[in-house]
1. Wholly within the stretch 132-218, which helices (runs of 4 or more DSSP H) include no fewer than the required count, namely at least 1 residues that are of a type in the set (A, V, I, L, M), crowded, with 24+ Cβ neighbours inside 10 Å and assigned by TED's automatic domain parsing to the domain that holds I337?
2. What is the one condition in (1) surrounded by 19 or more Cβ atoms within 10 Å (Cβ to Cβ); (2) over 24 Å from L401 (Cβ atoms) that S275 does not satisfy?
3. Mind listing just one residue for me: the one in the stretch 297-329 that is charged (D, E, K, R) and assigned to a loop (DSSP other than H, G, I, E, B) and, of those, nearest to V397 (Cα to Cα)?
4. Quick one: what pairs do we get from the stretch 117-136, first residue touching a residue at least 40 places away in the same chain (Cβ under 8 Å), second among the acidic types (D, E), C-beta under 7 Å, 6+ apart or different chains?
5. Quick one: would you say V398 is buried (at least 22 other Cβ atoms within 10 Å of the Cβ), modelled with pLDDT of 90 or more, out of contact with any Lys or Arg (no Cβ under 8 Å at 6 or more places or on another chain) and among the aliphatic types (A, V, I, L, M)?
6. Checking the condition under 29 Å from Q411 (Cβ atoms) and free of Cβ contacts under 8 Å to residues at least 24 places away in the same chain, which residue from L317, L268, L297, L322 passes?
7. So, G431, is that one over 30 Å from N273 (Cβ atoms), part of a helix (DSSP H, G or I), in contact (Cβ under 8 Å) with a residue 12 or more places away in the chain and not assigned by TED's automatic domain parsing to the domain that holds G151 or not?
8. Does the stretch 467-478 include one or more residues that are at pLDDT 85 or above and either surrounded by fewer than 15 Cβ atoms within 10 Å (Cβ to Cβ) or not in a loop (DSSP other than H, G, I, E, B) (or both)?
Amino acid sequence: MADVVRASSVTDILARISKASPLLAACMIYLLAGYALLPYNGIEDDESLFANPIYRMVSRECRIRVFHRNIPLMVMDYVGALKSWVYSFIFTILEPSKVSLRLPVLLIGAITIAVFYRLLQQVVGKRAAVVGCFLLATDTIFLMTTLFDWGPVAIQHLALVVGCVQLVAFHRTGSQWSLACGFLALGLGLWDKAIFVWLLAGLVVAGLAVFPGSIVKRLCVRNVACASIAFLLGAWPLLVYNARHHWTTFRNNAAISTGETAGKLMMLKDTINGSGLFGYMVNDADAGMRDPPEKPLERASVAIAKLFREPTENYLLSAACLTLAILPLWRRRWREILFGLVFMAVAWVQMAVTRNGGGGVHHTVLLWPFPHFVLAIALSEASQRYRRIGRPALIAVVTFLCATNLLVTNQYLSQLIRYGQSVTWTDAIYGLSDSLRAYDSDIYVTDWGMFDQLIMLHKGRLAVHMVARADGGFEDGQVDTMLADRRAVFVTHVRDKRFFPKADEHMASAAAIRGYERQVLATVSDTKGRPVFEVYRFDP
């Protein structure tokens, strides 16, 4: 009898693994692609911004004091400290590095894929779920914006899909636990970054436009109270911060402008086709310093890129246009597809009209995974209309789309191997971090793009100060204070790579007027041998 029970349990386990094998395969592809890309980029300033509240005391308005401890609520007026809370635990176990920085968000992306699979399975069925999770797992921009989480977007994606899954479960079962979990996730998404409000508005408008009856049916005092309490619990740090500071998040970031709409539409296209990070994150052949690949993986990547003529775009946009052309084949699921389309339209229109927002890949990608949601449902429904050829045709189409996605991802890897990163993502930051250990003095950063990384890599132990401003100005008496310290060290980019050139020029001219001369102590290059940073001092 015991043998029969054991055999039955083993059979059940194998059956479950077999059912989950497509999801496991998709997540494995995603994780392997991310792990291949992980080592090549340096750390970008905004990618490490969350480390400030961990290792340094944030400004008074961005924290509260509880039990004689300072608790950070916000990093900036529109960026919450949720990621700081998560990494404060991670960095107590692991030393800050590019690996400990990127592996957690890579895993968050894999969890997002799994939850997205569950969402499609609940809404449509397994076929659409398999299609959707493979399209998302191989999506180049989803992978790279999650792995190099400078947006930040990793927690935003997870909060969105978890919220949707729980609200679908509430719609089906009426469970208030699911309702509370859904709104808690959405509240956390808003705290993580206030532009999550774009996505919240998209969900609300899409829900009311497509499923008004279902929403009205569930409206009652108990459900509204449950949803409100859960949402407020998730977003309470953002709300506390704004209640104490006259709603500064919304006053400072809610300006409307339509002057950049054309550029934002172009960025939407480039995000969908996967080309949006060429030039911004990785260099091309014009950057020079071309190095031959050394490791087997590097040689394979470069060879594959050359074999397929170095593709920089996928075919997702063409596939999206195709789904609209085959409207009669998926009309049985028109409500679900319309929900996704309305959500994306409402969210993107807000990006398009927000001044200084929505113009970057890390903004546009917040629409993800709903492009894959719509595409997966449309393709799976169309395939079921033709039983004989539908399934093979679906497999062929999805395989082709995933393959082109992976080829674009490989092109990024190939260019990182051969030409390296842009200045924003330079790997010279590691050499700079090591070189500054030799200076037991105050270090003044006179350009953007290295301050937050140095705080994170040195766990706040480096006496580094950010003094650069885009307009080149300094506070009253600041120049005299810095020059008075004969041991002080200054750090900037080399001349042709500066983000704030006026700041360094102003500092040099002010020092010259006071009788000081700039002396370069070290020049730090990237792994391709290109000079990137300068370490210098002012001597009489």
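The values are calculated or read from the model by the stated rules, or taken from the named source; none is laboratory data. None of these values were measured; they are calculated from a predicted model. Here Cβ is always computed from backbone atoms with ideal geometry, including for glycine, and neighbour counts include all displayed protein chains.
1. 140-147, 154-173, 176-192, 196-210
2. All conditions pass for S275, except number (2).
3. E313
4. V123/E336; V124/E336
5. yes
6. L322
7. Details: over 30 Å from N273 (Cβ atoms): yes; part of a helix (DSSP H, G or I): yes; in contact (Cβ under 8 Å) with a residue 12 or more places away in the chain: yes; not assigned by TED's automatic domain parsing to the domain that holds G151: yes.
Taking the combined requirement at face value, the residue satisfies it.
8. Looking for residues that are at pLDDT 85 or above and either surrounded by fewer than 15 Cβ atoms within 10 Å (Cβ to Cβ) or not in a loop (DSSP other than H, G, I, E, B) (or both), one finds none in the stretch 467-478, hence no.
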